[in-house]
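Structure record follows, encoded as structure tokens.
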Amino acid sequence: MPLILSVAAAAAVDETVSSIEQGHIVVYPTDTIYGLGCDALNQETVERIKAIKGRDGEKPFILLASSIEELVNYFIIENMENMLKKIWPGPFTVLLQPLPDFPAYLAGPNGKVAVRIPGDTFLEALFLKWKGLLISTSANLSHKPYKHEWGFIKNNFFNHADLLIHRAPYPVSKPSAVIDYDDGEWKVLREGPQKFPLE
């Protein structure tokens, strides 16, 4: 039986860190919608999430990180820093080119990886205690609509996740925008809750 905690619980951050480090699956709130995640560098757990969601093996997950300083250990962000500092932390997912030794199972068919730095107090506290890349995929089954309701989330993942963190109240939001940078040009691939600043 999974552990269920309020995001306001004193133990919520520590329990989440412990679950991630043990290779567990966690349901957690973000600055947009509920996410389903784990340590991105734990391939076995990442594959479990794909199986739970019924996810297409070639469709990559979004990764959450603590800071741009952390991302330079994994990705090439030359010529992008000014824009990244403008939009992060926030609801903007950016496709980044990974460094050569980055795990191939996290990249999409074009070789890029979807990454963002969230503007969320719970996740900020989490990243103060755990340094890594966190899988973030919407808490719904593939090809099924997402519902921003705790009962829906709990019923779908009670038997699959090891820890569920809930937030109340939790305003409805769109998923993050998806942005690409190609040939010196920024392109919005999916609109999100905030308008992307083109300049």
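The values are calculated or read from the model by the stated rules, or taken from the named source; none is laboratory data. Just so you know, these numbers come straight off a predicted model, no measurement behind them. Positions of Cβ are backbone-derived with ideal geometry, glycine not excepted, and every protein chain shown enters the neighbour counts.
In table form, for the structure just shown:
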quantity	calculated
Enumeration of residues in the stretch 148-187 that are in contact (Cβ under 8 Å) with a residue 24 or more places away in the chain, more than 21 Å from L63 (Cα to Cα) and small (G, A, S)	A168, G184
Residue in the stretch 169-176 that is under 17 Å from the mean Cα position of the chain (by Cα), closer than 19 Å to E69 by Cβ and part of a loop (DSSP other than H, G, I, E, B) present	no
Criterion: more than 18 Å from I20 (Cα to Cα), of a type in the set (A, V, I, L, M) and either part of a loop (DSSP other than H, G, I, E, B) or modelled with pLDDT of 95 or more (or both) - qualifying residue of L84, L63	L84
Count of the stretch 81-97 residues which are buried (at least 19 other Cβ atoms within 10 Å of the Cβ) and farther than 17 Å from I33 by Cβ	7
Hits in the stretch 125-168 - residues which are at pLDDT 95 or above, in contact with an Asp or Glu (Cβ under 9 Å, 6 or more places away or on another chain) and either more than 22 Å from V94 (Cβ to Cβ) or in a loop (DSSP other than H, G, I, E, B) (or both)	K129, W130, G132, L133, L163, I165
Inter-residue pairs, beta-carbon under 7 Å, first within 19 Å of F158 (Cα to Cα) and in contact (Cβ under 8 Å) with a residue 24 or more places away in the chain and in the stretch 30-49, second charged (D, E, K, R) and part of a loop (DSSP other than H, G, I, E, B), 6+ apart	T30/D120
Cβ-Cβ under 6 Å pairs, at least 6 apart or on other chains, the stretch 120-146 side in contact (Cβ under 8 Å) with a residue 60 or more places away in the chain and of a type in the set (S, T, N, Q), far side in a loop (DSSP other than H, G, I, E, B) and surrounded by 22 or more Cβ atoms within 10 Å (Cβ to Cβ)	T137/F61; S138/I33
Every pair of residues 6+ apart whose Cβ atoms lie under 6 Å, when the first sits in the stretch 188-199 and is without any contact (Cβ under 8 Å) to a residue 24 or more places away in the chain and at negative phi while the second is surrounded by 11 or more Cβ atoms within 10 Å (Cβ to Cβ) and assigned to a loop (DSSP other than H, G, I, E, B)	V188/F196
Residue ID - surrounded by the most Cβ atoms within 10 Å (Cβ to Cβ), chosen from residues in the stretch 111-163 that are basic (K, R) and under 19 Å from I179 (Cα atoms)	R116
Among the candidates L3, L64, residue that is in contact with a Pro (Cβ under 7 Å, 6 or more places away or on another chain) and either of a type in the set (A, V, I, L, M) or without any contact (Cβ under 8 Å) to a residue 60 or more places away in the chain (or both)	L64
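Yes/no per residue for (1) within 18 Å of K131 (Cβ to Cβ); (2) assigned to a loop (DSSP other than H, G, I, E, B); (3) not polar (S, T, N, Q):
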| residue | (1), (2), (3) |
| --- | --- |
| M1 | no, yes, yes |
| E15 | yes, no, yes |
| S19 | yes, no, no |
| I33 | no, yes, yes |
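Conditions tested, residue by residue: (1) at pLDDT below 95; (2) at positive phi; (3) of a type in the set (S, T, N, Q).
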{"residue": "V7", "(1), (2), (3)": "no, no, no"}
{"residue": "A12", "(1), (2), (3)": "no, no, no"}
{"residue": "T30", "(1), (2), (3)": "no, no, yes"}
{"residue": "N42", "(1), (2), (3)": "no, no, yes"}
{"residue": "T45", "(1), (2), (3)": "no, no, yes"}
{"residue": "K53", "(1), (2), (3)": "yes, no, no"}
{"residue": "V72", "(1), (2), (3)": "no, no, no"}
